[in-house]
Amino acid sequence: MANESSAREHWSGGLGFILAAAGSAIGLGNIWKFPYITGENGGGAFVLVYLLCITVIGVPVMLCEITLGRHTQRNPVGAFRMLNPPVSRLAHLIGLCMVTLGLVLLAFREWGWGVATLGLGLAVFKYGWVLVGGLGVVAGFCILSFYSVVAGWTVGYTWKAMAGQLNFTDIPTAEAAFGAFIVDPWWAIGCHAVFMLLCILIVYRGVRAGIERWSKILMPVLFGILVVLIVRGLTLPGAMAGVQFYLSPDFSKLTTNSILIALGHAFFSLSLGMGAIMTYGSYVGKNQNLFLSTLSIVVLDTLVALMAGLAMFPAVFAKGFNPAVGPGLVFQVLPTVFAHIPFGAFWATIFFILLLVAALTSGISLLEVVTAYFVDERKWTRHRATVVFGIVIFLLGSLCAISVTGWERLPRLHDVLVATFGSVKGSFFDVMDNLASNWMLPLGGLFISLFVGWIWGTKRAVDEIRQGSHNFADVHLISLLAGLKDDPGHNDPRHVITLASLWGIFIRFISPVAVLIAFLNTIGWLDLTKKKSAPPPPPPAIEQAEPAQESVEP
Ligand code: TRP
């Protein structure tokens with residue numbers, strides 16, 4: 001094993017790892033989704049809740065993933081295989097519950113769900129915790145297949161922006177153009193192919209020469225573009241209304257549902273729950289400070305999310321448009337806004353390059369999970385694994401690409417799914433998104449924290465974290481806050497409130513419970529939002545996004 005881990009490629013240093021992991025975390029989630037869910041859920045009030053979720057759940061779970069990765073020096077499946085206990089009562093209990101549930105479902109003639117649950121339950125008996133790693137690899141396939149379709153749209157829109165084709169005069173025109181764009185199979189599949197090709201090319205080169213090198217180039221580019229866009233937006237007359245809309249706290253818009261949205265988004269945004277960060281962690285050397293790396297990654301991710309809103313809303317308001325919610329904001333409202341600004345084609349181009357860069361560094365982390373699994377566990381070469389699975393994901397993604405708006409182009413697949421599962425919600429694209437974001441990531445996160453907290457044990461985890469952390473883990477928290485960190489009298493090991501002990505409590509109790517509650521709520525077994533009679537959902541926001549009355553346009 002010793003020579004296996006020394007043969008493994010590693011990041012050249014702490015910065016390489018932090019930028020690569022931040023690149024994974026910073027993605028479409030930050031730039032496309034965070035601003036509009038913040039706008040919808042009470043602005044600054046939502047940001048506070050989000051920060052709380054990030055601190056209480058995001059940071060501890062991320063530290064778990066990085067620690068598991070670095071300790072085992074393996075992909076997620078290999079990591080769990082290495083640490084899987086011969087007998088785990090918790091795993092057996094979960095397996096038993098699933099087998100029972102599967103049988104009950106079969107008794108109710110829910111064949112598809114019944115067989116799936118029963119099969120998974122039996123697999124839990126056979127593979128134990130290794131299944132959590134397997135779930136991560138499968139999630140990598142699913143997420144990248146739909147993620148790269150949206151990323152493909154950014155490729156297409158970058159192209160169109162450069163060609164000056166995005167000069168829409170009003171929102172309905174932009175809407176129609178976008179609608180025509182995503183249903184055109186040549187554009188949709190072609191752009192998706194270009195994006196997957198870029199991912200393959202980078203991952204193909206390996207950890208240092210591919211992922212790290214490109215993260216070190218692309219992350220500063222991303223940051224630079226964001227700053228330029230923020231300055232541009234804020235200096236437009238009337239921009240402050242946008243800042244106010246985005247960040248002024250409105251606690252009345254904050255519901256239980258907002259809290260769950262914040263939690264779910266914290267997971268997705270930090271790339272947690274499927275072993276992407278674990279895989280990157282497996283390339284970290286023993287001299288790195290895992291606590292500080294985690295904090296840096298999380299801070300960068302959060303900063304970029306906040307900055308993304310500042311890059312968009314001021315310009316939207318300054319030009320007198322209503323901030324649309326949902327995909328419309330980025331692909332419809334913004335191009336129209338830019339068309340009303342001098343040198344619009346330039347601003348639109350750098351904006352879509354920003355989105356593309358963000359998506360690219362996330363896409364490579366998803367492909368790397370799949371690649372690492374086949375390299376470590378199946379002894380494939382990196383080149384072969386990257387190309388083969390890049391193509392497999394491209395094909396799966398093509399199904400998503402041609403079915404964003406419905407099933408018309410995939411009637412057979414639709415019939416098969418309906419026959420097995422009773423009904424399907426949304427398009428194939430939605431099915432993949434739903435499966436990954438609502439099921440696999442929360443379950444993955446739940447099991448990763450349960451595994452570290454209760455099976456592998458926080459003791460062993462903290463021993464791993466201590467390496468390279470210069471006693472950081474054992475710093476007495478109160479002394480740290482009081483500025484007495486280096487005072488010998490205030491670093492007595494008998495003090496129990498250390499960073500490590502606090503982390504242990506979060507990982508054993510708080511994260512699993514919070515994630516479980518959020519998960520049961522999304523799958524509808526626990527309805528926390530029912531009591532408040534929720535107003536009917538607003539009509540699709542795109543339609544509301546007409547230029548507002550007080551337009552400052554001449
Ligand atoms: N975090 C990315 C975003 O915000 C998406 C992403 C990349 C991701 N890798 C992941 C999400 C792994 C979950 C798991 O867009």
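Quick note: the coordinates plus some simple rules give every number you see, no bench work behind them. Values in this document were obtained by computation on a predicted structure and should not be read as measured data. FYI the Cβ positions are ideal-geometry reconstructions off the backbone, even for glycines, and counts take in every protein chain you see.
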Candidates per chymotrypsin sites (Phe, Trp or Tyr not before Pro) in the stretch 307-416, loop by DSSP, up to 15 other Cβ within 10 Å: 343
At R0 = 51 Å, FRET efficiency that the Cβ-Cβ distance of residue 173 and residue 380 yields, to 0.05: 0.60
For the stretch 1-140: rounded, prolate or oblate by the Cα gyration tensor [a/c cutoff 1.5]: oblate
For residue 498, residues with placed amide H under 5 Å, excluding near neighbours: 477
Crossing angle, helix 213-234 versus the chain [Cα axis fit, 0-90 degrees, rounded to tens]: 40 degrees
Rounded tilt (10° steps) of 59-72 against the dominant C-alpha axis of the chain: 50 degrees
Nearest-ten-degree value, helix 185-204 long axis tilted from longest Cα axis of the chain: 40 degrees
Coarse-grained scattering of the chain at q = 0.05, 0.07, 0.10 Å⁻¹, given as base-10 log I(q)/I(0) from a Debye sum over alpha-carbon atoms: -0.20, -0.41, -0.85
Relative contact order for the stretch 242-337, counting Cα pairs under 8 Å that sit 6 or more residues apart, in percent: 38 percent
Whether the stretch 85-214 is rounded, prolate or oblate, judged on the alpha carbon gyration tensor where a/c under 1.5 counts as rounded: oblate
Normalised contact order of the stretch 350-505, rounded percent, pairs of Cα under 8 Å and 6 or more residues apart: 11 percent
Chymotrypsin sites (Phe, Trp or Tyr not before Pro) restricted to DSSP loop in the stretch 97-128 with at most 16 other C-beta within 10 Å: 108
Shape call, the stretch 240-391: gyration tensor on alpha carbons, a/c limit 1.5: prolate
Exceeding the 30 Å Cα-Cα cut-off - candidates 160/216; 216/253; 33/160: 216/253
Rg(Cα)/(2.2 N^0.38 Å) for the stretch 357-396, N = residue count: 1.15
Length-normalised contact order for the chain - Cα pairs under 8 Å, 6+ apart - percent: 29 percent
Solution diffusion estimate, µm²/s, Stokes-Einstein, the stretch 162-225, Kirkwood Rh from C-alpha pairs, 10 °C, viscosity 1.306 mPa s: 110 µm²/s
